Every structure is written in structure tokens, then in C-alpha cells.
1. Restricting attention to the stretch 245-266, report how many residues are of a type outside the set (Ser, Thr, Tyr) and in contact with a Ser or Thr (Cβ under 7 Å, 6 or more places away or on another chain).
2. Hey, can you tell me all the residues within the stretch 250-264 that are under 19 Å from LYS228 (Cβ atoms) and buried (at least 19 other Cβ atoms within 10 Å of the Cβ)?
3. Please go through the stretch 85-103 and pick out each residue that is of a type in the set (A, V, I, L, M), within 13 Å of ASP41 (Cβ to Cβ) and touching a residue at least 40 places away in the same chain (Cβ under 8 Å).
4. Within the stretch 142-160, take every residue that is in a helix (DSSP H, G or I) and out of contact with any Ser or Thr (no Cβ under 8 Å at 6 or more places or on another chain) and give me the one that is nearest to SER238 (Cα to Cα).
5. Can you confirm whether VAL58 is outside any loop (DSSP other than H, G, I, E, B), free of Cβ contacts under 8 Å to residues at least 24 places away in the same chain, crowded, with 18+ Cβ neighbours inside 10 Å and not aromatic (Phe, Trp, Tyr)?
6. Filter the stretch 248-280 down to the residues that are of a type in the set (Phe, Trp, Tyr) and outside any helix (DSSP H, G or I), then identify the one that is nearest to the chain's Cα centre (by Cα).
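The values are calculated or read from the model by the stated rules, or taken from the named source; none is laboratory data. Just so it is clear, the structure is predicted and the values come from calculations on it, not from any experiment. In this analysis, Cβ positions are derived from the backbone assuming ideal geometry, glycine residues included, and neighbour counts consider all displayed protein chains.
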Amino acid sequence: MTPLNEFGSEWTVVKLDILKKYLSFYTQALSKQNFSLIYIDGFAGTGECTVKLNGSKVTVPGSAQIALETKPPFKHLIFIEEDKAKVGELETLCEKRNAICDSIVFHGDANKQVKRVCGHLDKRSMRAVAFVDPFGMEVNWETLTSLAATECTDMIFLFSLSGLYRQAERNVKEDFDSKKAACLDRFLGTNEWRGVFYEPNRQGSLLGEPQGYRRIMDYKAMLDFAKKRMEGVFQYVSDPLLLPQKGPPQFALFLAVSNPSPKAAALARRVYKDITNKHR
């Protein structure tokens, strides 16, 4: 039987290790403060995943299991999953841990569910970590702004660089593909990328008239554009950690802090930098 959550390789293990260490830091740092600690997983999977390591398939704890086993524990854990079969696996996993912490599984679209959860977060009494880990570009910009608006949530976000490349074609003949353009608008929260990523292409034109558009930005510049967009709504956004480390990068892992306190942002920045330094 094929595992429900089979994907990734060494980079998946790196991502999960960073999550594990950050969650442990987070609950420990806030353990003596009077906040309810919340964990939100937007694409929770099944609680474990099967990855390829050194040519072999290995099953490792996924984000949901890591969060459930974090010590000191979160008070509330919210898992969101659209796949009904995976929801069943998550519910079984949570039943084994509910005596230790309060966990709930929501079945549905992560964008809608995360926004709904954000509406119930109270910065006066709660602190949260959100793990936003889509397969591609499923996340809407509005989901990120909802997390930022809570002013009490740290977000670890897996940004799909390969998805960005697929949608932002190198050469556009006449006009941008409507579906791809709409995807980029939704993902980046703006249509300004058109004038930033591209310039009119005059190559091959005898009269010097534009022949469509050509992309002038490499992945580093596009990531910088995305980071600046996030910096417009979050108090702090880390430099991206490129994944995998070997070969062409497919993803970039960000930490974004919504708490407006400079002290809170500085602590998160220092700890996250320490955690990720060995992977850079």
C-alpha cells in the first residue's frame, strides 16, 4: 500500500528538523508567561511522511507528530487538511495525545480555515506558531496577511520557488497567460510583478517594436521581491533558506514574525538564525 504522505528527500528532513527545534524553543521561551500557546498547521498531512534518503525510503515524523510531541506542550493544536483520507489519519493520531494537549482537525481548504482561525486569535492572551507548508503555490496572499494581522503569530512558510518559476515564464509572446498571471497575483498579492520581473522584448524586431516580454529577474531577485512584500505586513521576515542545499533550489523557507514588539522579533531572529545556520 502506498503511503499517504510520500514525498521529498533530505531537504524535507532539514525542514522538519528546523520546525522541531523552533517549536521547542517557542514553548520553552513562553512557558513561564501567561499565554495560551497555539499551533496551526495549514497542510498537516498524516503525521508522518516517507522520504528518500540515500536511495532508500524512510518514514519520519511529520509536522503534526512533531507538534504533538513538543515539550513543553502547546495548549491547543489545530491541524488543517483537505484530503479526507489524511484527515482520518490525523484524527487517529490526535486521539492518542488529547490527554496531554487539546487538538482538533479541520477538513477543508487551508486558506479559508487559516483565516477563520486567525479571527479567533487574541493577542492579549494568546501566542501562536503557524506552519504553512504547501506542495506548491496553493497559499493565497490574504492568508499571509491574516496571520500577520493577528500580531501574535510566528509563521514558518515554505515558499515554492519552483512553482514561481513555472508560473513566471521566461518569455511571454504577446500577453501574459491569464491563468498563470492570476496565480501570481493571488500568491504575491499584487500585479506589480509584471513590471518588475519583465521588460519588453525587442530582440528579433526589425523596427525595434516589442515582441512580447522577457523575464529579467533570476530566482534570487524574485525571492527578494517576495520577501519585501512580506516585510510590508510582518514585523520581521528572515532571509530565505534555500532547499534543497544541493542542486537547483526548489523551495525557500522563511520565518515571519507578526508580533510588533522589537524585542520579540529580535529574539525570534536570533534563535531562528542559530537553528538554520548549519544548513546555509
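1. Applying the first criterion (of a type outside the set (Ser, Thr, Tyr)) to the stretch 245-266 yields 245-257, 259-260, 262-266.
Add one more test, that the residue is in contact with a Ser or Thr (Cβ under 7 Å, 6 or more places away or on another chain), and what stays is 250-251, 254-255.
Adding up the residues that qualify gives 4.
2. Hits for the stretch 250-264 are PHE251, ALA252, LEU253, PHE254, LEU255, ALA256, VAL257, SER258.
3. Just the residues of the stretch 85-103 that are of a type in the set (A, V, I, L, M), to begin with: 85, 87, 90, 93, 99-100.
Narrowing the set further to residues that are within 13 Å of ASP41 (Cβ to Cβ) leaves 87, 90, 93.
Once the filter is applied, which keeps residues that are of a type in the set (A, V, I, L, M), within 13 Å of ASP41 (Cβ to Cβ) and touching a residue at least 40 places away in the same chain (Cβ under 8 Å), the stretch 85-103 yields LEU90, LEU93.
4. LEU144
5. Values: outside any loop (DSSP other than H, G, I, E, B): yes; free of Cβ contacts under 8 Å to residues at least 24 places away in the same chain: yes; crowded, with 18+ Cβ neighbours inside 10 Å: no; not aromatic (Phe, Trp, Tyr): yes.
Taking the combined requirement at face value, the residue does not satisfy it.
6. Among those that are of a type in the set (Phe, Trp, Tyr) and outside any helix (DSSP H, G or I), it is PHE254.
Conditions (1) among the hydrophobic types (A, V, I, L, M, F, W, C); (2) buried (at least 16 other Cβ atoms within 10 Å of the Cβ), marked per residue:
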site: ARG166; (1), (2): no, no
site: THR190; (1), (2): no, no
site: TRP193; (1), (2): yes, yes
site: ASN201; (1), (2): no, yes
site: ASP218; (1), (2): no, no
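A quick yes/no check of all residues on (1) free of Cβ contacts under 8 Å to residues at least 40 places away in the same chain; (2) farther than 21 Å from ARG97 by Cα:
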{"position": "LEU19", "(1), (2)": "no, no"}
{"position": "TYR22", "(1), (2)": "no, no"}
{"position": "TYR26", "(1), (2)": "no, no"}
{"position": "LYS32", "(1), (2)": "yes, yes"}
{"position": "THR46", "(1), (2)": "no, no"}
{"position": "VAL51", "(1), (2)": "no, yes"}
{"position": "ILE66", "(1), (2)": "no, no"}
{"position": "LEU77", "(1), (2)": "yes, no"}
{"position": "GLU81", "(1), (2)": "yes, no"}
